[in-house]
Amino acid sequence: MPTVPANVFRVTVENYSLNGELDIFNQELNMHGIGRLYFDDATKNDSGYYSGSNDLYHMGDQFINDTLTVESFLKTLNTNYALGLPVFNSGYYDTTRSSIPIGLFSETFKMEERGVNFRIDYGISNDIMLTAVIPNVISQKQTYNTSSTIDKIYGIDGLVNYHTNAKAILDSFFTTNSFLTLPKGKRDTLEMIYEDIYSPGGNHSVLWALHGKDNPFSRGFIDSRFMPPTYSTGDTVTIDSLELYYGNLNKAGSGVNDISLGITALIKGSPTWIDKKGGVLYGRVLLSFPFGFTIESFNKVGSAQLSQLNIGSGVTRISLGLLGGYNWRNNKRSRIYGGIDIRLSTPELLNTPVSFYSGAHTNPDSIISHVGEKYKFKEGNWINSMIGYEVGVLRNRVLFKIESKTFSKARDTYTSMDSDWDNWMAERSGFDSAFSKWDLCFETWLLNSKAAEKFGPIPFDVVFGLKKTINNKYAFNDFKFYSGITTYLQGW
């Protein structure tokens, strides 16, 4: 029944239990943050030359002081002392190709949720009703399992070999008289360059690349810059250990979800509660406020974020819709009804979720530095529809309903410091943030609200229902059982 008579409160309490599962296979794994530490194809200087400060491609352009670079220092040293030391110049890589490691991963989400929904409707007239909905999630648990494969990085052998040979040349040179007879300032500067590039603690250390070569996720990372907090110096971090840290976790959450306020108004026909033969049409506006919990900042809670679940959407939503039906008023009191809603939302700033597959890096701090602590989220627009049929089994005592519900959401928009992350989150091979879903609901109502037949002084109805997903794309396939009680109170 869409509305209630004037000055009447309708209070509904619904308990539910939901189980859902979502499987997404063969998604694109795009570790551009790691790949660009070999060759940064996204950073160029004003002259159009690649100028990434943290890759292996042109390490000679690092400045020693305000005017002197590593390359210019070594070229001058070679000229003045007839040496043949590497100068870490650009080259040794085909810049027309990407160095980003590509792979595939699959995810399985299983969810269990229990909750209580509270709804209060109030008729400010026979034709207009106000509504407040307060959903409370008592317990939500999610298990997450994943598996992945990642290919080696093709074409970077020239870069790795250059640094392998350069290190060997410098190691040998440090044992010669030519090095010992250099002026102390020159020796100190050369050693400083070596320590920066070829020592474990160097700011631009490439030892991780010499170890991992063209397949670092299988050979493993040995530099602390690539390690999650549970690993330390001396460990080797492979893709399997990264999956153990970021994935295969049990997540949990609880609390009040987003709160909604709305108004429903009669547009045409007689209100449904009059029980008159004929059709009826209502208009509805519903505003949802982002009250529910969303994950906290990683910089604030650290790895605890990995076990947190979003309860709320994090955005303000407005729904505009039409609903109506046709009442035959026959012996079975049968009725057909339906509705359609368009849901729009405002953009909001949310905390960045730290994830190995979406983060482009292996270290949580590096993920945050790439993407930013927060990002702007614009949820895709929704179109929801429902059509149902109800029939009385026992006159004014038992009512049976069947409903078909469809949900369709457009693609989300992400805006962060990393445009690759934004695009990857919105859509990728094997996944799209746009989704669709079709559910069927079956309900049995036990009625005690008809004045002539009700028992006791308080009118109430009891419902038992179940909902099952029939078809879905990129959305949870779930089964929900629910029961509720509705009572009617006269306002004074």
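The values are calculated or read from the model by the stated rules, or taken from the named source; none is laboratory data. Computed from a predicted model, the values in this text were never measured in an experiment. Cβ placement follows ideal geometry from the backbone for every residue including glycine, while neighbour counts extend to all protein chains displayed.
Looking for something modelled with pLDDT of 90 or more, over 36 Å from the mean Cα position of the chain (by Cα) and hydroxyl-bearing (S, T, Y) - is there at least one such residue anywhere in the range 62-70?
Yes, there is a match, as at least one residue in the range 62-70 is modelled with pLDDT of 90 or more, over 36 Å from the mean Cα position of the chain (by Cα) and hydroxyl-bearing (S, T, Y).
Just to verify a result, which residue in the range 250-262, among those that are buried (at least 16 other Cβ atoms within 10 Å of the Cβ) and not small (G, A, S), is modelled with the lowest pLDDT?
Out of the qualifying residues, it is K251.
Among the numbered criteria (1) within 23 Å of the chain's Cα centre (by Cα); (2) assigned to a strand (DSSP E or B); (3) not β-branched (V, I, T), which one does L244 miss?
All conditions are met except number (2).
In the range 110-125, what residues are within 20 Å of G255 (Cβ to Cβ) and in contact with a Leu (Cβ under 7 Å, 6 or more places away or on another chain)?
Taking the range 110-125 as the starting set, the residues that turn out to be within 20 Å of G255 (Cβ to Cβ) are 111-120.
Passing the criteria: only E113.
Do the conditions hold for H204, that is, is it within 25 Å of I100 (Cβ to Cβ), part of a helix (DSSP H, G or I) and touching a residue at least 60 places away in the same chain (Cβ under 8 Å)? Break it down stepwise before answering.
Values: within 25 Å of I100 (Cβ to Cβ): yes; part of a helix (DSSP H, G or I): no; touching a residue at least 60 places away in the same chain (Cβ under 8 Å): yes.
No, not satisfied.
Under 8 Å by Cβ, and 6 or more places apart or on different chains, what pairs join a residue from the range 270-296 that is surrounded by 15 or more Cβ atoms within 10 Å (Cβ to Cβ) with one that is of a type in the set (D, E) and in a loop (DSSP other than H, G, I, E, B)?
So the pair list comes out as P271/D127; S288/D258; P290/D258; F291/D258; G292/D258.
I'm checking my understanding of the structure. Among residues of the range 356-380 that are part of a helix (DSSP H, G or I) and small (G, A, S), which one is surrounded by the fewest Cβ atoms within 10 Å (Cβ to Cβ)? Give the derivation first.
Initially, the range 356-380 is screened for residues part of a helix (DSSP H, G or I), giving 356-359, 364-371.
Filter once more, so that each one left must be small (G, A, S): 358-359, 366, 369.
On the way: S358: 20, G359: 23, S366: 17, S369: 14.
Selected residue: S369.
Does N30 fit the bill of being at pLDDT below 95, surrounded by 13 or more Cβ atoms within 10 Å (Cβ to Cβ) and under 25 Å from I156 (Cα atoms)? Step through it out loud before you land on a result.
On the way: at pLDDT below 95: yes; surrounded by 13 or more Cβ atoms within 10 Å (Cβ to Cβ): yes; under 25 Å from I156 (Cα atoms): yes.
Against the criterion (at pLDDT below 95, surrounded by 13 or more Cβ atoms within 10 Å (Cβ to Cβ) and under 25 Å from I156 (Cα atoms)), N30 qualifies.
Are any of the residues in the range 98-113 surrounded by fewer than 16 Cβ atoms within 10 Å (Cβ to Cβ), free of Cβ contacts under 8 Å to residues at least 12 places away in the same chain, of a type outside the set (G, A, S) and not in a loop (DSSP other than H, G, I, E, B)?
Checking the range 98-113: not a single residue is surrounded by fewer than 16 Cβ atoms within 10 Å (Cβ to Cβ), free of Cβ contacts under 8 Å to residues at least 12 places away in the same chain, of a type outside the set (G, A, S) and not in a loop (DSSP other than H, G, I, E, B).
Which ones in the range 71-96 are more than 47 Å from the chain's Cα centre (by Cα) and surrounded by fewer than 15 Cβ atoms within 10 Å (Cβ to Cβ)?
Correct list: T76, N78, T79, N80, Y81, A82, G84.
For the range 212-238, name all the residues that are assigned to a helix (DSSP H, G or I), buried (at least 22 other Cβ atoms within 10 Å of the Cβ) and touching a residue at least 60 places away in the same chain (Cβ under 8 Å).
The first filter runs over the range 212-238 and keeps only residues assigned to a helix (DSSP H, G or I), leaving 212, 216-219, 224-226.
Still in the running and buried (at least 22 other Cβ atoms within 10 Å of the Cβ): 212, 216-217.
P216, F217, listed by residue number.
Being touching a residue at least 60 places away in the same chain (Cβ under 8 Å), on the phi > 0 side of the Ramachandran plot and outside any strand (DSSP E or B), is that true of even one residue in the range 425-438? Can you show your working first?
In the first step, residues of the range 425-438 are kept if they are touching a residue at least 60 places away in the same chain (Cβ under 8 Å); the result is 425, 428-431.
This time we only want the ones that are on the phi > 0 side of the Ramachandran plot, so: 430.
Checking which are outside any strand (DSSP E or B) leaves us with 430.
Scanning the range 425-438, I find at least one residue that is touching a residue at least 60 places away in the same chain (Cβ under 8 Å), on the phi > 0 side of the Ramachandran plot and outside any strand (DSSP E or B), so the answer is yes.
All but one of (1) farther than 30 Å from G372 by Cβ; (2) modelled with pLDDT under 95; (3) buried (at least 17 other Cβ atoms within 10 Å of the Cβ) hold for Q490; state the number of the condition that does not hold.
Result: Q490 fails condition (3) only.
Of all residues being of a type outside the set (V, I, T) and in contact with a Phe, Trp or Tyr (Cβ under 6 Å, 6 or more places away or on another chain) in the range 122-137, which is surrounded by the fewest Cβ atoms within 10 Å (Cβ to Cβ)? Just the residue, please. Steps first, answer last, please.
Kept after step one, since they are of a type outside the set (V, I, T), are these residues of the range 122-137: 122-123, 125-127, 129-130, 132, 135-136.
Next, only the ones that are in contact with a Phe, Trp or Tyr (Cβ under 6 Å, 6 or more places away or on another chain) stay: 122, 130.
Numbers: Y122: 18, L130: 13.
The extreme case among them is L130.
Under 35 Å from the mean Cα position of the chain (by Cα), at negative phi, hydroxyl-bearing (S, T, Y) and outside the structural domain of S178 (by TED's automatic domain parsing), is that true of Y16?
In short, yes.
Looking at the range 390-402, I want the residues that are among the aliphatic types (A, V, I, L, M) and have a partner that is assigned to a loop (DSSP other than H, G, I, E, B) and at pLDDT 85 or above with Cβ atoms under 9 Å, at least 6 apart or on another chain. Which pairs are those?
Here the result reads V391/S334, each pair linking the range 390-402 to a residue that is assigned to a loop (DSSP other than H, G, I, E, B) and at pLDDT 85 or above.
If the requirement is being within 16 Å of the chain's Cα centre (by Cα) and assigned to a strand (DSSP E or B), which of these qualifies: A252, A265? It would help to see each step written out before you state the result.
On the way: A265 fails: within 16 Å of the chain's Cα centre (by Cα).
The unique qualifying residue is A252.
Being of a type in the set (D, E, K, R) and modelled with pLDDT of 95 or more is the filter; apply it to the range 362-387 and report the residue that is nearest to L244 (Cα to Cα). Lay out the reasoning, then the answer.
Filtering the range 362-387 down to residues of a type in the set (D, E, K, R) leaves 365, 373-374, 376, 378-379.
Now drop any that are not modelled with pLDDT of 95 or more, which leaves 373-374, 376, 378-379.
Working: E373: 23, K374: 25, K376: 29, K378: 31, E379: 30 Å.
Across the range 362-387, the extreme among qualifying residues is E373.
With (1) more than 16 Å from Y482 (Cβ to Cβ); (2) surrounded by 15 or more Cβ atoms within 10 Å (Cβ to Cβ); (3) under 37 Å from the mean Cα position of the chain (by Cα) as the list, and E390 as the residue in question, which single condition is left unmet?
Only one criterion is unmet by E390, namely (3).
Each row is one residue, and each column tells you yes or no for (1) β-branched (V, I, T); (2) surrounded by fewer than 15 Cβ atoms within 10 Å (Cβ to Cβ); (3) at pLDDT below 95.
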| site | (1), (2), (3) |
| --- | --- |
| N396 | no, no, yes |
| S404 | no, no, no |
| S416 | no, no, no |
| S429 | no, yes, yes |
